Amino acid sequence: QDILGRGQVEPDVELMEQNIKNKNILVTGAGGSIGSELCMQIINYLPDNLVLFEQNEYALYNIENKLKDLKIKSNVIVSVLGNICNRSQIENVIKKYEINTIYHAAAFKHVPMVEKNIVEAFQNNVIGTLNCAELALKFKLDNFVLISTDKAVRPKSYMGATKRLSEII
């Protein structure tokens, strides 16, 4: 609130329940700062399965434990160590868990790291997003939600450009 200079927008509970409750949800980048917060919010709406997809093993371990500590009994939490650039792995997860919605938060977001690793950032942020979006279409998922950043509005860096391309996708 202080940073944005406006009030916090509360989630629409009815909409959240409609899209999450008793559904199978996949969160890419589940162990990151944004992905883990999404998972902590999603779990409260009682999905049938919450599939945590993360390439960092320690981050995946941490978010899985945080969610299990909540002791919400009606959820199945599935942890998948993987990379969004591995299209066949994402496809297998979508089929195996009969995913209804993808919340796509997996991205390289730290400008100094991305500026030093442009090819990897392009592959992860653009090609990884393309994989997820195309598979959401292929399997006719109910929803595909891309989590992006304000840095993509008028990109002045490679990181912003990769995020803008992912928004276009």
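The values are calculated or read from the model by the stated rules, or taken from the named source; none is laboratory data. This structure is a prediction, so every number in the text was calculated from the model and none was measured. Cβ coordinates were reconstructed from backbone atoms using ideal geometry, including for glycine residues, and neighbour counts include every protein chain displayed. With ligands, DNA and RNA removed, areas are computed over all heavy atoms of the protein, side chains included. Shrake-Rupley method; radii C 1.70, N 1.55, O 1.52, S 1.80 Å.
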query = Limited to region 140-154, what total is found for residues that are surrounded by 15 or more Cβ atoms within 10 Å (Cβ to Cβ) and either farther than 26 Å from ILE20 by Cβ or more than 16 Å from the chain's Cα centre (by Cα) (or both)?
reply = 2
remark   = Screening LEU137, LEU165 for residues that are aliphatic (A, V, I, L, M) and open to solvent by less than 80 Å² (accessible area, probe 1.4 Å) leaves only LEU165
note = Among (1) in a strand (DSSP E or B); (2) open to solvent by 70 Å² or more (accessible area, probe 1.4 Å), ASN44 falls short only on (1)
inquiry  = If a residue must be touching a Gly at 6+ places or on another chain (Cβ under 6 Å) and either open to solvent by 10 Å² or more (accessible area, probe 1.4 Å) or assigned to a helix (DSSP H, G or I) (or both), how many such residues does region 24-41 contain?
reply    = 2
request  = Would you mention how many residues in region 49-77 are at pLDDT below 95 and part of a loop (DSSP other than H, G, I, E, B)?
outcome  = 6
remark   = A careful count of residues in region 116-134 that are more than 28 Å from ASN92 (Cα to Cα) and open to solvent by less than 50 Å² (accessible area, probe 1.4 Å) gives 0
query = What residue, among those in region 96-150 that are free of Cβ contacts under 8 Å to residues at least 24 places away in the same chain and aliphatic (A, V, I, L, M), is farthest from ALA59 (Cα to Cα)?
reply = LEU137
ask   = Would you pick out the residues in region 131-164 that are closer than 19 Å to GLY32 by Cβ and either of a type in the set (A, V, I, L, M, F, W, C) or modelled with pLDDT of 95 or more (or both)?
value = ASN131, CYS132, ALA133, PHE144, VAL145, LEU146, ILE147, ALA152, MET159
ask   = For TYR97, which of the numbered conditions (1) open to solvent by 40 Å² or more (accessible area, probe 1.4 Å); (2) at positive phi fails to hold?
value = (2)
